[in-house]
Amino acid sequence: MGPTIDVEEFLGVEDGKGVGWGGADCHFARRHSVGFEYFSLERSGGVSDTFSPPIQISDIFIEGGAIDTFYNTTVSRLTYGYSIDGSITEIDADVTWQPREHFGFGAGFRYFKTSVEGANSSLNGEFDFEYIGPTFYVHVTF
């Protein structure tokens, strides 16, 4: 493996980004519901420069040039819910408060981590991505 490269610092990729998250629930019986959620994150950056010290990847030294990077991920999720005493708790640490029959509020916590390692191929390397943070939303059902 070569050196660790901090893409936020070295390539100018944002180290924090607010993104959209959406979903819908359908209550089909007194305590049952199904839902769909969607999340998308796109990050990119790049640099065109002379590198001092040069970047070393295996036995190759890169002294200058242009490097561009991007990371795009989309997560879609279908859920089933069963409410107890008017509240719904999901495994992803969401809590929903529904003071009216078709309207409520929610808050939760998201954690997402990806780790990929490639070896013994033409592309040796490692990719790690971690997302952690709160979520707040309005819950509308009909």
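The values are calculated or read from the model by the stated rules, or taken from the named source; none is laboratory data. Please read all numbers here as calculations on a predicted model, not as lab measurements. Neighbour counts run over all protein chains shown; Cβ positions are idealised from the backbone, glycine included.
Remarks
- Flag for Gly12 being touching a strand residue (DSSP E or B) at 6+ places or on another chain (Cβ under 6 Å) and at positive phi: yes
- Qualifying residue in region 47-65 (condition: touching a Pro at 6+ places or on another chain (Cβ under 7 Å) and within 22 Å of Asp128 (Cα to Cα)): yes
- Every pair of residues 6+ apart whose Cβ atoms lie under 8 Å, when the first sits in region 26-39 and is closer than 11 Å to Arg77 by Cα while the second is surrounded by 11 or more Cβ atoms within 10 Å (Cβ to Cβ) and of a type in the set (Phe, Trp, Tyr): Glu37/Trp21; Tyr38/Trp21; Phe39/Trp21
- Within region 40-63, the set of residues being surrounded by 13 or more Cβ atoms within 10 Å (Cβ to Cβ) and charged (D, E, K, R) comprises just one member, Arg43.
- Subset of region 106-129 that is surrounded by fewer than 10 Cβ atoms within 10 Å (Cβ to Cβ) and hydroxyl-bearing (Ser, Thr, Tyr) - its residue that is modelled with the lowest pLDDT: Ser121
- Failed item, numbered, when Val138 is tested on (1) at pLDDT 80 or above; (2) surrounded by 10 or more Cβ atoms within 10 Å (Cβ to Cβ); (3) within 25 Å of the chain's Cα centre (by Cα): (2)
- Looking across region 13-39 at every residue that is modelled with pLDDT under 80 and of a type in the set (Gly, Ala, Ser), the one that is surrounded by the most Cβ atoms within 10 Å (Cβ to Cβ) is identified as Gly20.
- The set of residues in region 48-81 being over 24 Å from the mean Cα position of the chain (by Cα) and touching a residue at least 24 places away in the same chain (Cβ under 8 Å) consists of Ile55, Gln56, Ile57, Ser58.
- Of the residues in region 95-104, not one is outside any loop (DSSP other than H, G, I, E, B) and at pLDDT below 80.
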